[in-house]
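Step one of this worksheet: look at the structure below.
Values quoted throughout were computed directly from the atomic coordinates according to the rules given, and no laboratory measurement underlies them. What you see is a predicted model, and the numbers here were worked out from it, not measured in a lab. Cβ placement follows ideal geometry from the backbone for every residue including glycine, while neighbour counts extend to all protein chains displayed.
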Amino acid sequence: MPRILDGRLSPGQLAALRLAANGLTAEQIAHRLGTTATGIHLRLNQAARSVGALSRAHLVAVAMAQGLLTPADIEPPHARHSAPQPAPGPRVRPAPERPPHARTGPATTTPKETAA
């Protein structure tokens, strides 16, 4: 486990980290926090340096291990949808339509087949 260098994150770094842990892109985080994507990249890079992380995923893992993020900070993927989707019902396949003159009984033999 990497050693925490100073272990302190600014409120802006922590806010960006929480959103990044939920899978948002830098552009999406910037929109929510009212800043630029470049500013978000800087915040996350500084946060990674502060805790000794090597990547964004590693930053989230280290932050979880150190208690900077908790499972409550991360929404389950199904909770991110804007409206709940109804559960799919059973699929009922309609019976194929048969023309009125179609036979439904056993096939009949032709005279050629009976001669053999």
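Below, the figures for the structure above:
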read-out: Highest to lowest packing among 22-32, 66-76, 42-52, scored as the average C-beta count within 10 Å; value: 42-52, 22-32, 66-76
read-out: Estimated FRET transfer efficiency (residue 35, residue 58; beta-carbon r; R0 25 Å; 0.05); value: 0.60
read-out: R0 of 22 Å, Cβ-Cβ distance residue 8-residue 73: FRET efficiency to nearest 0.05; value: 0.80
